[in-house]
Amino acid sequence: MRNLPAAGRATKLLLILASLGFSLALYRHITEIQRDVNVNMGSMDQFAYMAFAKRAYESGYTFTGNRARMPLFPWVQALFYSPEMSDEAFFEQGKQISVLISIAGIAAIGAAFLLKFSKLYAFYSIAVIAFLCFALKAPWFQAEILFYTLFAFAFMLAVESIRRPKWYKSVGVGLLFALAHFTKASGLLGIAMYAGSFSVALLAEIYRRRPNWQGLTQIILLATAPLIIFVAALFPYFNESKDRYGHYLYNVSTTFYMWYDYWAEAKEGTKAAGDRDGWPDMPDEDIPSLTKYLEEHTLAQIVQRFIKGADRMYNNACGSADGPSQFGLCVHVGIGALIILACVYANLADARFRPALHDVQIFVFVASLFAAYSFSFMWFASISSGPRFMLMLLIPLFWSLGLALEAAPDSSSSGLKASHYRAIIAVMIAILLSQLYQLVVERAPQLYGGF
């Protein structure tokens, strides 16, 4: 009888290892199927990333790009490049390296979810992220998987830094957002939302009967320290942009393209005028900008652009049966968002609920971040294709869902028990398992995951 506990632990360990082995084998199988779909290195920026990596290798990693793509991913690929390799060999090797990056990212994200949330929820979340997103996007010579991972950890640490502030967490937030931005130029908005969320604590301190000036100073330091780290880490890149292009934050997409109505206009405009070699060679009055856009468009046209962008985002992710909707994420994202809203409502409706100041700040940070990026996606949708940008919010969504479930009231009087959500997650796992068969048989061999 004494040996039963030890035998039980051994059996449990074997089951865990078997599950991990099966999951890894299935993941690799899906990536191999998708790898055979991705045979055109000239599609979806892949050849441009390959050329970037080659120039980075040849320059000894001093080449930082033409401000259309960020350096970190091609620098990683350049580590494995050899001048003797053909384009085809480099392309195939690059896809394999991207798969390895995705596996490392999944392992790290999975560990974070297991440490933070229940095993049931962690298993569900990481399975959705791994099989319905990473596996389909991994075997591509693109920066997205690396960016999703870095941005996710920046988001997770930002939340934890708000909850339990420490100086080293602030440094980590700044560095992670900097690394994410160095992978794709989309990290600045996130760290701005993080710094802005401290306005909650700042206002609370100001409106106290007796403001604590030491507390105010600490809040300002917590808000600005990650921004300082972010700027310091990326200053060499920003300074080079200033020297070569005239602006510290120069990026062809955010400086010019987003102020066009259509991609064709951008191609015939600043892109044709050499915006990747320097400041575009065209009359100043023809160069797009926020001011020029507002002068030339009515409020109705601006609103219509957001509406059309939202519609295109939905169709890219959930619409056409033979398009990117085959990722299969929509049901999970939709139900997850509804659960978050239900949890928030349940807490607000619970008379016993007394949110701590840091809880309010976390809510402001998460809500503002999702809103800011969602509106930017809607705006940018008219000159982009596919759900690549939107998928950066997938891991933060599931982390936020876990936090909402963790804070859900467990009282019969509230009408919304945490056990109800666990039951919903169990149902969602069942849906996911049914999707996996369809994924292997139908989706992975047909889906063009580079969108």
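The values are calculated or read from the model by the stated rules, or taken from the named source; none is laboratory data. Quick caveat: nothing in here was measured; it's all calculated off a predicted structure. Cβ coordinates were reconstructed from backbone atoms using ideal geometry, including for glycine residues, and neighbour counts include every protein chain displayed. Ligands, DNA and RNA are excluded from the accessible area calculation, which covers all protein heavy atoms including side chains. Shrake-Rupley method; radii C 1.70, N 1.55, O 1.52, S 1.80 Å.
If you take the beta carbon distance between Ala430 and Asp261 as r and set R0 to 60 Å, what does 1/(1 + (r/R0)^6) give as a FRET efficiency, to the nearest 0.05?
For R0 = 60 Å, the calculated efficiency reads 0.85.
Quick one: 3J(HN,Hα) in Hz for the range 244-249, Karplus 6.51/-1.76/1.60 with θ = phi - 60°, rounded, Gly and Pro as x.
Values, residue by residue: 8, 10, x, 9, 4, 9 Hz.
From the backbone phi of the range 112-124, what are the Karplus-calculated ³J(HN,Hα) couplings (6.51 cos²θ - 1.76 cosθ + 1.60, θ = phi - 60°) in whole Hz, Gly and Pro given as x?
Once θ is set to phi - 60°, the couplings for the range 112-124 become 5, 5, 5, 6, 9, 10, 5, 4, 4, 5, 4, 4, 4 Hz.
Karplus couplings for the range 281-286 from phi (6.51 cos²θ - 1.76 cosθ + 1.60, θ = phi - 60°), rounded to Hz, Gly and Pro as x?
8, 7, x, 4, 5, 9
Which shape class applies to the range 12-71: rounded if a/c is under 1.5, otherwise prolate when a/b exceeds b/c and oblate if not, where a ≥ b ≥ c are the square roots of the Cα gyration tensor eigenvalues?
prolate
Compute the label zone of Val440 within the range 20-35: residues whose backbone N is under 13 Å from the point 7 Å along Cα-to-Cβ.
22-33
Would you mind getting me the FRET efficiency between Ala104 and Tyr61? Use the beta-carbon distance for r and R0 = 25 Å, nearest 0.05.
Efficiency, from the Cβ-Cβ distance: 0.75.
Between the alpha-carbon centers of the range 224-242 and the range 114-182, tell me the distance in whole angstrom.
The two parts, judged by their Cα centres, are 21 Å apart.
List every residue whose amide H lies under 5 Å from the amide H of Lys184, counting only residues 5 or more places away in sequence or on a different chain, with H placed 1.01 Å from N in the peptide plane.
Residues meeting the criterion, in which the H sits 1.01 Å from N, do not exist here.
Not counting ligands, DNA or RNA, and with a 1.4 Å probe, what is Asp286's accessible surface area in Å² rounded to the nearest 10?
80
When only alpha-carbon atoms are used, what values of Rg and Dmax, in angstrom, describe the chain?
23.4, 86
Could you list, by residue number, the cysteines of the chain that have no other cysteine's beta carbon within less than 4.7 Å of their beta carbon?
Cys133, Cys343
Ordering Phe117, Phe123 by how much accessible area each has at a 1.4 Å probe, largest first, what is the list?
Phe123, Phe117
By accessible area of protein heavy atoms, probe 1.4 Å, what ranking do Phe47, Phe134 get, highest first?
Largest accessible area first, the list is Phe47, Phe134.
I'd like the accessible area for His29, computed on protein heavy atoms only with a 1.4 Å probe and all protein chains in place. Round to 10 Å², please.
90
What percent does the relative contact order of the chain come to when contacts are Cα pairs within less than 8 Å and at least six residues apart?
20
Carbon-plus-sulfur fraction of the accessible area of the chain, 1.4 Å probe, in percent?
Ligands and nucleic acids excluded, carbon and sulfur give 65 percent.
In Å², what does the accessible area per residue of the chain work out to with a 1.4 Å probe?
The answer is 49 Å² per residue.
If I model a spin label at Phe47 and Lys119 as a point 7 Å from the Cα along the Cα→Cβ vector, what separation in nanometres do I get?
Going from the Phe47 label point to the Lys119 one covers 5.0 nm.
Quick one: compute the contact order of the range 122-241, relative version, from alpha carbon pairs under 8 angstrom and 6+ residues apart, as a percent.
25
Which value, in Å² rounded to 10, gives the accessible area of Asp281 with a 1.4 Å probe and all protein chains present?
The accessible area comes out at roughly 140 Å².
How long is the gain from Asn40 to Arg28 if the chain were fully straight, where each residue apart is worth 0.36 nm and the alpha carbon distance is subtracted?
Value of the extension gain: 2.3 nm.
Using a simple spin-label model with points 7 Å from Cα along the Cα→Cβ vector, what separation in nm is obtained for Ala337 and Leu13?
So the two model labels end up 4.4 nm from each other.
Rounded, prolate or oblate for the range 91-150? Axes are the square roots of the Cα gyration tensor eigenvalues, ordered a ≥ b ≥ c, and the cut-off for rounded is a/c under 1.5.
prolate
Given labels modelled 7 Å from the Cα in the Cβ direction, how far is it in nm from Gln214 to Ala68?
5.6
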